[in-house]
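The values are calculated or read from the model by the stated rules, or taken from the named source; none is laboratory data. On a predicted model such as this, the values are computed, not experimentally measured, just so you know. Note: ideal-geometry Cβ built from the backbone for every residue, glycine included; neighbour counts use all protein chains shown. Surface areas here come from the heavy atoms of the whole protein model, side chains and all, with no ligands, DNA or RNA. Shrake-Rupley method; radii C 1.70, N 1.55, O 1.52, S 1.80 Å.
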Amino acid sequence: MDHSLGIDWKALKKGEVSMGTTIAAVKYDGGVLLAADSRTTTGAYIANRVTDKLTQIYDNIWCCRSGSAADTQAVADILHYYLQMYEAQNGAPPTVRVAANLAAEMCYSNKDNLSAGLIVAGWDAKSGGEVYSIPLGGSIHKQDIAIGGSGSTYIYGYVDTNFRKDMTREEAIDFLKHAIALAMERDGSSGGVIRMAAIDGKSIDRYFFADADIPAAWNAPASAT
Amino acid sequence: MTSIGTGYDLSNSTFSPDGRVFQVEYAGKAVENAGTTIGLRTPTCVVIALEKLITSKLLVPGKNSRIGTVDRHAGVASSGLVPDGKHLLGRARDEAANWRKTYKIPIGVHALADRMASYVQAYTLYSSVRPFGVSAIVGGGSLDDGEGTKLYMIEPSGAYYGYRGCSAGKGRQLAKNELEKLDFDRLTAKEAIAHAARIIHTIHDEAKDKEFELELGYICLDDEMGEDKKGIWQTMSGDELARIDTEAREAAEAADEMEE
C-alpha cells in the first residue's frame, strides 16, 4: 500500500471518485468548528469543485469526510440510520462519543473494504463540544483539534504552532481558514472553496469562503502566533 | 384466576378461545410457588433482596448466590426456576457486553431490561421451546446518564414495568403490602436495605417453609455506603450481611408481636 500521502491509492477502484481533501475540526470555547476544502477528484479530473464534505449525521453531530466519496457517504448514511435507531430505542439522543465510536466500529470491521478517514465532531449537553478523529485503520482518537486528508500533511507545523485551547468562535474560524488555505495551496488534491460548520448547542451555522475571502499566504503573512 | 385450559394448554404457540396462552400462564405458576424476591428503589439507591429457601442441610451457607451482577452497575435476581434465571442472567451479561463493545459506554438499565424482556417474549412464540419460568427483577443505575436509579420486573410473558417497589414469588402479596407502606423518596440507602431485609423476614412462612437464607444486593449512586462503593452493584456477604439479617429478623418479630 502506498502510504506517501496517507491515502490508500490502490484501494480506489477504477473510476472511483476520491476526496483528496483537507479536513479539520477544532474545539473552541462553547462548541466545535468543522472545516473542509471542496475538491473531489477522479484521478486528475476535478469531478466536483464545490463539494460539501461536512455531513450531518445527527442533530448536533457532524462529520468531515475524506477518502473515497462513495465509502464515506455510505458510512455516513448508515451511521445516521444507527443513530436514529439508537434514539428511538434508547429514549435519549446519542452523544458525540457514541456516534464516534459507532463510526469507528464500522470503519474497523470493514477496514479491508473501506477507504475512509473521518472526523466526527459535535456538541451534546453532557460533555459540550467534542472532536474525534477516525483515521484509515478504524482507530478512534479524542482530540481538541483534528486534521485529516491528503492536504493535512502540509499544515501539521502550522496547526501545531498556532492552535490554542478555548479560542472564541471567530478566532477558530480565522485559524482554520488559514490552515485549510495553506493546505489547498500546496496539495493538488485539495482546493476550491472553504466550507465550515460551527456547532454550539444553540444553533448550527454554516460558513462559506471563496476567492478573495480565502487568505493568500504568499501575499500577506498568516495570522501571527 | 385459575381455570383448566383443556386442549389449548398443551402447546406454547396455541391461543385459547378467550385469548390466553396457557403455557405462559403456567410458567407464572412456577414463579408463584418459588422463593420470594423483592426490589426497592429510592432516588439514590436500588436494593434487591431474596428469600433463598434451603432445600438441604448439606448446602454450604453463603454460597450459590442467586443475585447476579450485570456489568458493574446492574443486578438481577429471579424468582422461579433457578436454571432459567441463570440463563437469563447470562443473556443479560451478553447484551451488556455487546452494548459496551458497540457504543463504548455502559448499557442503560432501561435498555437492558428492554432487551431481556424481548428475549423472554421470544420464548412465548414457538412451540419448540417453553417460556422462561422466572420473574426477573433488574435494578441498577448510572451516575453518567443523568437518569438516576432504575428498577424493572420482567414476567414470563415478557411484559415488564418500571417500579418503585416490586415483588415476585410465593410471598409477593405480603411483600407488596409491606412495600406499599414505604415512602420511597425519603429513604436513605441504609434504611432501604434494612426495610428490604425486614420484609423478607416478615413474608417468610415459618410453618410452611423450611429454613431460608437472606440474600441482599444493592447499588448506591452517592457515597452513603462508602466512596469506593458508589455507582457499583454490591452483593452483601459476611459480617455485614449477618448483622443486617439479625436486625431484620428482630424487626420482623417485633412487628409481628405488635400486630398481635
Discussion item. If I filter the stretch B:71-93 down to residues being within 13 Å of the chain's Cα centre (by Cα), of a type in the set (A, V, I, L, M, F, W, C) and open to solvent by less than 40 Å² (accessible area, probe 1.4 Å), which single residue comes out as nearest to B:I219 (Cα to Cα)?
Written reply: B:A74
Worksheet item: Any idea which of B:R20, B:R41 is open to solvent by 20 Å² or more (accessible area, probe 1.4 Å), out of contact with any strand residue (DSSP E or B) (no Cβ under 6 Å at 6 or more places or on another chain) and more than 14 Å from chain A (Cβ to nearest Cβ)?
Response: B:R20
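Condition check: over 23 Å from B:G148 (Cα atoms), open to solvent by less than 50 Å² (accessible area, probe 1.4 Å) and within 15 Å of the chain's Cα centre (by Cα). Does B:L241 satisfy that? First the steps, then the outcome.
Working: over 23 Å from B:G148 (Cα atoms): yes; open to solvent by less than 50 Å² (accessible area, probe 1.4 Å): yes; within 15 Å of the chain's Cα centre (by Cα): no.
No.
Of all residues in the stretch A:192-206, count the ones that are at negative phi and outside any strand (DSSP E or B). First the steps, then the outcome.
From the stretch A:192-206, those at negative phi are A:193-200, A:202-206; that's our starting set.
Restricting the remaining residues to those that are outside any strand (DSSP E or B) gives A:193, A:200, A:202-203.
So the count comes out to 4.
Does the stretch A:60-71 contain at least one residue that is β-branched (V, I, T), buried (at least 21 other Cβ atoms within 10 Å of the Cβ), within 24 Å of A:G201 (Cβ to Cβ) and within 14 Å of chain B (Cβ to nearest Cβ)? Steps first, answer last, please.
Restricting attention to the stretch A:60-71, the residues satisfying the condition of being β-branched (V, I, T) are A:61.
Of the ones still in play, those that are also buried (at least 21 other Cβ atoms within 10 Å of the Cβ) are A:61.
Now drop any that are not within 24 Å of A:G201 (Cβ to Cβ), which leaves A:61.
In the following step, the residues that additionally are within 14 Å of chain B (Cβ to nearest Cβ) were identified as A:61.
Among the residues of the stretch A:60-71, at least one is β-branched (V, I, T), buried (at least 21 other Cβ atoms within 10 Å of the Cβ), within 24 Å of A:G201 (Cβ to Cβ) and within 14 Å of chain B (Cβ to nearest Cβ), which makes the answer yes.
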Worksheet item: Is at least one residue of the stretch A:27-49 surrounded by fewer than 22 Cβ atoms within 10 Å (Cβ to Cβ) and within 14 Å of chain B (Cβ to nearest Cβ)?
Response: no
Fill in: Residue, least open to solvent (accessible area, probe 1.4 Å), within the stretch B:147-178, restricted to residues that are free of Cβ contacts under 8 Å to residues at least 40 places away in the same chain and either touching a Leu at 6+ places or on another chain (Cβ under 6 Å) or away from chain A (no Cβ under 14 Å) (or both)
B:E178
Worksheet entry | Only listed residue being open to solvent by 20 Å² or more (accessible area, probe 1.4 Å), more than 20 Å from B:E147 (Cα to Cα) and within 14 Å of another protein chain (Cβ to nearest Cβ), chosen from B:S127, B:S56, B:S118 | B:S118
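Within the stretch A:82-91, take every residue that is within 14 Å of chain B (Cβ to nearest Cβ) and of a type outside the set (G, A, S) and give me the one that is most open to solvent (accessible area, probe 1.4 Å). Break it down stepwise before answering.
From the stretch A:82-91, those within 14 Å of chain B (Cβ to nearest Cβ) are A:82-83, A:85-91; that's our starting set.
The next check asks that each one be of a type outside the set (G, A, S); those that pass are A:82-83, A:85-87, A:89-90.
Numbers: A:Y82: 97, A:L83: 0, A:M85: 75, A:Y86: 15, A:E87: 76, A:Q89: 116, A:N90: 23 Å².
This residue is A:Q89.
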Discussion item. So, in the stretch A:116-129, how many residues would count as being assigned to a strand (DSSP E or B) and within 13 Å of another protein chain (Cβ to nearest Cβ)?
Written reply: 2
Worksheet, complete the sentence: Here the residues within the stretch B:130-146 that are away from every other protein chain (no Cβ under 14 Å), touching a helix residue (DSSP H, G or I) at 6+ places or on another chain (Cβ under 9 Å) and open to solvent by less than 30 Å² (accessible area, probe 1.4 Å) are B:P131, B:F132, B:G133, B:V134, B:S135, B:A136, B:V138, B:G139, B:G140, B:G141
Worksheet entry | Residue list for the stretch B:99-115, restricted to those being outside any helix (DSSP H, G or I), at the interface with chain A (Cβ under 7 Å from one of its Cβ atoms) and either in contact (Cβ under 8 Å) with a residue 60 or more places away in the chain or open to solvent by less than 20 Å² (accessible area, probe 1.4 Å) (or both) | B:G108
Worksheet item: Does any residue of the stretch A:140-157 turn out to be within 14 Å of chain B (Cβ to nearest Cβ) and not in a strand (DSSP E or B)?
Response: yes
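Run down A:A216, A:A181 and say which single residue is more than 18 Å from A:L34 (Cβ to Cβ) and either out of contact with any Lys or Arg (no Cβ under 8 Å at 6 or more places or on another chain) or modelled with pLDDT under 95 (or both). Reasoning before the result, please.
Details: A:A181 fails: more than 18 Å from A:L34 (Cβ to Cβ).
Residue meeting the stated conditions: A:A216.
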Practice prompt. Show the residue pairs that are 6+ apart or on different chains and have beta-carbon atoms under 7 Å apart, the first residue being within the stretch A:10-26 and among the polar types (S, T, N, Q), the second being modelled with pLDDT under 70.
Written response: A:S18/A:L12
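Kindly provide the set of residues from the stretch A:117-144 that are crowded, with 19+ Cβ neighbours inside 10 Å and in contact with a Lys or Arg (Cβ under 7 Å, 6 or more places away or on another chain), ordered by number. Break it down into steps so the answer makes sense when it comes.
Taking the stretch A:117-144 as the starting set, the residues that turn out to be crowded, with 19+ Cβ neighbours inside 10 Å are A:117-124, A:129-136, A:140.
If the condition is that a residue be crowded, with 19+ Cβ neighbours inside 10 Å and in contact with a Lys or Arg (Cβ under 7 Å, 6 or more places away or on another chain), then A:L118, A:G129, A:E130, A:V131, A:Y132 are the ones that fit.
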